[in-house]
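Report on one structure; see the data block that follows.
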Amino acid sequence: GSTSTPAYVDLYHLYPSEAVANQKKLNYPLGEVQTPTFDNGVSQVGYAVTGQGGGAAQVFEPADEYKGDFARTYFYVVTCYQNLHWSYTFMVDNNTYPTLNQWSVNLLMKWHRDDPVSQKELDRNEEVYRIQANRNPFIDYPELAEYLWGNRKGQAWVPGGQPSEPVGEPQLITPVQ
């Protein structure tokens, strides 16, 4: 995890948003909205379906075409910044691998599976890499999420799918300032 770069300046963590929608979603966790209090056709904020929200008053739900993007962003952030103290623990357990709590895993894996990596997401990954010199591995290797939180949890993951002898220690590189 990063100790020198704060998560809030990581470009993978930032998404453009209409000002009103951004104000409405506050720091609510992701979730599926059952009863909306705000809906602009792209974002909804409201009361969560049963079992979601982690105790938050409301949740934020992006449009279907962005749900996988948000899931992969959360996978990246909780992996890259696992060592940080989380101010809001609706979706995470502080400093406890695998960081995401179970309702969050269920939701984010569903969104990840239902909304595969898009060309827009691939292009964004390239641009962020150009600026901050690191990548979101969950965009480059979407199957990786299955090995950490999904159907292949606990199994060894190898890029390309062919097991071989490890070469050195794996590293997750955090962004440059």
Requested in this report: Tell me which residues come under 5 Å, amide H to amide H, from Leu30 once H is placed; ignore anything under 5 positions away on its chain.
Outcome: Phe60
Requested in this report: Sum up the charges of everything whose Cβ sits under 13 Å from the Cβ of Phe138, counting Lys and Arg as +1 and Asp and Glu as -1, but leave Phe138 out.
Outcome: -2
Report summary line: Ordered by number, the chymotrypsin sites (Phe, Trp or Tyr not before Pro) in region 70-156 that occupy a DSSP loop and have at most 12 other Cβ atoms within 10 Å are Tyr88
Query raised in the report: Under a Cβ-Cβ cut-off of 12 Å, what is the net charge of the residues other than Glu65 that fall near it, where Lys and Arg count +1 and Asp and Glu count -1?
Result: -3
Report summary line: Interchain or sequence-distant (5+) residues whose placed amide H lies within less than 5 Å of the amide H of Gln44 are Glu61
Report summary line: Of the accessible area of the chain, computed with a 1.4 Å probe and all protein chains kept, carbon and sulfur make up a percent value of 52 percent
Report task. Would you mind pulling out the separation of the Cα centroids of region 87-147 and region 12-36, in Å? Result -> 17 Å
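Send over a whole-number figure in Å² for the accessible area per residue of the chain, probe 1.4 Å. Let's see the in-between values first.
Working: 10210 Å² over 177 residues.
Per residue, the chain has an accessible area of 58 Å².
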Query raised in the report: Which aspartates and glutamates have a Cα lying under 13 Å from the Cα of Lys24, excluding residues fewer than 8 positions away in the same chain?
Result: Asp39, Glu61
**Report entry** Binned Cα-Cα distance frequencies in the chain - 10 Å width, integer %
**Finding:** 9, 36, 40, 13, 2, 0
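Suppose only helical runs count, i.e. DSSP H with n ≥ 4. What mean residue ellipticity at 222 nm does that imply for the chain under -39500 (n - 2.57) per run, divided by all residues and rounded to the nearest 500 deg cm²/dmol?
Rounded to the nearest 500, it is -10000 deg cm²/dmol.
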Query raised in the report: Cα extents of region 1-78 along the three principal axes, largest first, in whole Å?
Result: 40, 27, 21
Query raised in the report: Within the P(r) computed for region 49-118, what percentage of the Cα pairs occupies the region above 13 Å?
Result: 64 percent
Query raised in the report: lysines near Lys110 by alpha-carbon distance under 18 Å, same-chain residues fewer than 8 away left out - which ones?
Result: Lys67, Lys153
Report task. Go through region 107-122 residue by residue and turn each phi into a ³J(HN,Hα) via Karplus (6.51, -1.76, 1.60, θ = phi - 60°); whole Hz please, and just put x for glycine and proline. Result -> 5, 5, 5, 4, 5, 4, 6, 6, 10, x, 4, 9, 4, 4, 5, 4
Query raised in the report: How would you classify region 111-160 from its alpha-carbon gyration tensor, with a ≥ b ≥ c the square roots of the eigenvalues: rounded for a/c under 1.5, else prolate if a/b is greater than b/c, otherwise oblate?
Result: oblate
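The values are calculated or read from the model by the stated rules, or taken from the named source; none is laboratory data. These numbers were taken from a predicted model, which means no experiment stands behind them. So basically every Cβ, Gly included, is an ideal-geometry build from the backbone, and we count neighbours across all protein chains shown. Just so you know, the surface numbers come from the protein's heavy atoms only, side chains and all, with ligands and any DNA or RNA stripped out. Shrake-Rupley method; radii C 1.70, N 1.55, O 1.52, S 1.80 Å.
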